[in-house]
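One structure below.
Just so you know, all these numbers are worked out from the coordinates, no wet-lab data involved. Remember, it's a predicted structure, so these values are computed and weren't measured experimentally. Using ideal geometry, Cβ is built from the backbone for each residue, glycine included, and neighbour counts are taken over all protein chains shown.
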């Protein structure tokens, strides 16, 4: 059965999700976590506690995980109308260097899929001329740019409520897709984040992210921060406000194969201490 | 053949200023105060890309160069480029 965890802050939500999984004794499925996008500043508690834990276990630093979803340091809102274009340019430049470090999907990042989705893997025969014009010379599609523009136009026309849902419709008409059929064939490999849906309600952009599998310790907190910052970026660039982030992990893994329950309990206790909160009973709805 | 740039450090500061959208003077003040300039690793990678393009030398920085130490500070970036450019010059001279 699905489990819903709703909290008023990103940090509370992650801590509650971890407590829930530890209380349950391990992996869960259909874990649904929701929190407001705009109330967590990267670096504030329990960032340092979690980051030190990851480093001490030779895992990627939090900033590296966040950067895979939203590379904040490459974005300068002060640039106004040019801000998004500069971000895309900076990121493309960083990827020319990053992609030397791996093979196949090791080279990929979630943000790159959002701004450079490999459309041509399945061929472009079925695309209209208008759709082909959306693609770069090497057959890639900047989904973020396309949907931010659409959200902006939608707001200007006064249509304040709409949703972009993944269905069986064509990818150019739906939402932000990470997983690329034919290309992403490995079981248990990239991408764990499958797709993102955006919903504009009462002038707030809400983001839903679906994970095929989510590692709550190594990646979870960084995923939450990255998705919150991505929501804020989309909202700012479309002229709207940031709303809710909802993350559905079809498989949620507290990684008990890699970490002892006792050390994860200590980690959560330290998180509470840094945040000035106390362990609470998890609310299941 | 790679384009020669007289002062790699100056050019790196210029590229960092562009990526971070900061005034060059602000960055130089930070360098003066702290002795170095720390950057995020993604900023470091973007700066590498821009500088390689300016040098007309894509691929100069190798996989093994892309360490945290090399990518997250001005000094690290400068050392990395100087070393690789030195090798390139050596190859050309030899």
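Quick notes
- Cα-based helix-to-principal-axis angle, B:24-34 vs chain B, degrees rounded to 10: 80
- 20 °C / 1.002 mPa s Stokes-Einstein diffusion coefficient of chain B, Kirkwood radius on C-alpha pairs, µm²/s: 159
- Extent of segment A:51-102 along its three principal axes (Cα atoms, max minus min coordinate, largest first): 42, 26, 11 Å.
- Rounded Å value of the spacing that divides the Cα centres of segment A:1-27 and segment A:229-277: 9
- Relative contact order computed over segment A:1-140 (Cα-Cα under 8 Å; 6+ residues apart), in percent: 15
- Pairs of alpha carbons in the protein assembly as shown whose separation is greater than 29 Å (percent): 47
- By the count of other C-beta atoms within 10 Å, a proxy for reagent exposure, B:53, A:18 are ordered fewest to most as B:53, A:18.
- Residues residue B:82 and residue A:203, FRET efficiency given R0 of 41 Å [Cβ-Cβ distance, rounded to 0.05]: 0.20
- Under the criterion of Cα pairs below 8 Å and six or more residues apart, the relative contact order for segment B:8-93 equals 33 percent.
- Computed from Cα positions, the angle between helix B:74-93 and the longest principal axis of chain B comes to roughly 20 degrees.
- Share, in percent, of DSSP beta bridges within the protein assembly as shown that are antiparallel, nearest 5: 65
- Between helix B:41-55 and chain B there is an angle of about 50 degrees, using the helix long axis and the longest principal axis of the Cα atoms.
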